[in-house]
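Participant: Can you keep this structure in mind? I'll have questions shortly.
The values are calculated or read from the model by the stated rules, or taken from the named source; none is laboratory data. In this text the structure is predicted, and so the values were computed from the model without any measurement. Because the Cβ atoms are built from the backbone with ideal geometry, glycine has one as well, and the counts that use them run over all protein chains shown.
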């Protein structure tokens with residue numbers, strides 16, 4: 001299950017008055033390709049609204065190559081459109097999956113240490 005919550009970019013919650021609106025997309029323990037269409041749709045909605053996205057990957061123990069492809073495409077599209085997207089608290093397994101595909105550099109470009117818990 002993918003969880004989505006709203007807040008402000010400074011992380012103070014939906015009621016805070018500072019920073020632009022962002023969405024948090026929390027990835028489950030196992031991320032398979034069949035779970036990605038709703039994630040893709042949510043990301044596209046955010047992109048159309050110009051809303052920044054934080055992808056919480058702390059619980060991920062396994063992620064499919066197809067799911068990684070969706071996340072890479074989304075990150076590149078957000079970047080091209082000037083909308084912020086970052087991976088928050090990526091698990092070691094999440095990082096390893098990107099590394100195994102030669103995508104560590106991509107991942108490193110979208111990890112925001114200052115926003116991690």
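Participant: For the structure I just gave you, tell me whether residue 61 is modelled with pLDDT of 95 or more and either under 15 Å from residue 28 (Cα atoms) or touching a strand residue (DSSP E or B) at 6+ places or on another chain (Cβ under 6 Å) (or both).
Facilitator: Spelling it out, residue 61 is indeed modelled with pLDDT of 95 or more and either under 15 Å from residue 28 (Cα atoms) or touching a strand residue (DSSP E or B) at 6+ places or on another chain (Cβ under 6 Å) (or both).
Participant: Does region 4-15 contain at least one residue that is touching a helix residue (DSSP H, G or I) at 6+ places or on another chain (Cβ under 9 Å), at pLDDT 95 or above and not in a loop (DSSP other than H, G, I, E, B)?
Facilitator: No, region 4-15 has no match at all.
Participant: Moving on to the next point. In region 64-83, which residue that is assigned to a loop (DSSP other than H, G, I, E, B) and touching a strand residue (DSSP E or B) at 6+ places or on another chain (Cβ under 7 Å) is modelled with the highest pLDDT?
Facilitator: Of the residues in region 64-83, the ones assigned to a loop (DSSP other than H, G, I, E, B) are 64, 82-83.
Among the residues that remain, those that are also touching a strand residue (DSSP E or B) at 6+ places or on another chain (Cβ under 7 Å) are: 64, 83.
Details: 64: 97, 83: 94.
Taking the candidates together, the pick is 64.
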